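Q: Take this structure first; my questions come after.
The values are calculated or read from the model by the stated rules, or taken from the named source; none is laboratory data. As the structure is a prediction and not an experimental result, all values here were calculated from the model. Because the Cβ atoms are built from the backbone with ideal geometry, glycine has one as well, and the counts that use them run over all protein chains shown. All accessible areas refer to the heavy atoms of the entire protein, side chains included, with ligands and DNA or RNA removed. Shrake-Rupley method; radii C 1.70, N 1.55, O 1.52, S 1.80 Å.
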Amino acid sequence: GNDVDEVELDASSLVPGDVVRLSVGQKIPADIRLVSVSTSSFTVDEACLTGESDSVNKIPYKGDIKNDDMQKGGGTMGANSNGMLYGGTVITAGKGLGVVVRTGMDTEMGKIQRGVTEAASDEQAHRTPLAIKLDEFGDKLTIIIGLICVGVWVASIPKFNDATFKQPIE
């Protein structure tokens, strides 16, 4: 029988193995293996991931979902990616069902995010000699300017009671 409960969930609560109903206009919430299509075609705009401007036609996965290498962290884009829908991409045509295989930072988009984050942290670790010299110069300049300010203030202490220092409102 068809005694399946359908619930609308937040993408953040999806876990690998969840079955997801997909339809045109939806942003794909996780890396999903397309298992069935109820329309003549199913296309996805993967421009944000691949840079490819044309929508990509997807065909349902014919393999064994229970032994899907994508779920075990194996497999990547291109390799055995038939029927793979990637998180962050948008369905441009069709309706179907899919099984969540990867979520969060394990998705293709998450891998890119991790790479960008690591590159940014490496940038801090590997600063150029010029950047180091400029920072040292900035620190020295700050100290010199601070000393000049203190010197001017100290030099003007004896003149605090002078008539030129009196309040203008008198």
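Q: Within the stretch 130-139, identify whether any single residue is open to solvent by less than 100 Å² (accessible area, probe 1.4 Å), out of contact with any helix residue (DSSP H, G or I) (no Cβ under 9 Å at 6 or more places or on another chain) and in a strand (DSSP E or B), and answer yes or no.
A: Checked the stretch 130-139: no residue is open to solvent by less than 100 Å² (accessible area, probe 1.4 Å), out of contact with any helix residue (DSSP H, G or I) (no Cβ under 9 Å at 6 or more places or on another chain) and in a strand (DSSP E or B).
Q: With the condition being open to solvent by 50 Å² or more (accessible area, probe 1.4 Å) and modelled with pLDDT of 80 or more, I'd like the strands (runs of 3 or more DSSP E) fully within the stretch 1-92 carrying at least 2 qualifying residues.
A: Answer list for the stretch 1-92: 19-23.
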